[in-house]
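The values are calculated or read from the model by the stated rules, or taken from the named source; none is laboratory data. Because the structure is predicted, anything quoted here is derived from the model rather than measured. FYI the Cβ positions are ideal-geometry reconstructions off the backbone, even for glycines, and counts take in every protein chain you see. The protein model used for the area step is the full one, side chains on, heavy atoms only, and it has no ligands, DNA or RNA in it. Shrake-Rupley method; radii C 1.70, N 1.55, O 1.52, S 1.80 Å.
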Amino acid sequence: MIDPATIDRIFAATDIVEVIGDFVKLKKAGTNYKGLSPFTNEKTPSFFVSPSKGIFKCFSSGIGGNAVSFIMEHEKLSYPEALRYLAKKYNIDIVEHEATAEEI
């Protein structure tokens with residue numbers, strides 16, 4: 001189980017525009033960014049990223065969330081795998097501990 005303090009460090013270090021920008025060409029649109037959906041085949045941008053809120057929304061597929069949920073959806077990873085992906089990207093050491101019977 002990944003330590004909660006490590007999860008907090010991953011979220012604090014993650015730049016959603018940078019993470020999504022690795023997969024989607026984003027253009028600045030006011031305070032937000034927009035691009036073509038990575039989840040559907042479209043010609044008009046309906047994919048928006050809000051760096052101030054740390055979220056994305058794809059209006060063509062209805063998918064939305066934060067950087068972790070984007071990695072989970074786009075790369076088909078589980079929550080811990082997505083956290084490890086982001087930790088590796090931002091050079092954060094993963095601290096794990098064994099889950100107790102109560103936590104399980």
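For the stretch 65-104, the spherically averaged projection of the C-alpha convex hull amounts to 3.6 nm².
A simple spin-label model places the labels of K43 and I94 4.3 nm from each other, with each point 7 Å out along Cα-to-Cβ.
Note on exposure: K28, K89, K53, K43 ranked by accessible area (1.4 Å probe, complete protein assembly) read K43, K53, K28, K89, with the most exposed listed first. Counting only DSSP H runs of at least 4 residues, each contributing -39500 (n - 2.57), and dividing by the residue count of the chain, the helix-based mean residue ellipticity at 222 nm comes to -10000 deg cm²/dmol. For the chain, the relative contact order works out to 28 percent when only alpha carbon pairs closer than 8 Å and six or more residues apart are counted.
Across D93, D22, D3, D15, the residue with the most accessible area heads the list, and the full order at a 1.4 Å probe is D93, D22, D15, D3.
Among all stretches of the chain without exposed GluC sites (Glu not before Pro) (DSSP loop, at most 10 other Cβ atoms within 10 Å), which one is longest?
Numbers: sites that count: E98, E102, E103.
The reported range is 1-97.
Legend: P(r) of the chain from all alpha carbon pair distances, 5 Å bins from 0, whole percents, reading 2, 12, 22, 22, 16, 11, 7, 4, 2, 1, 0.
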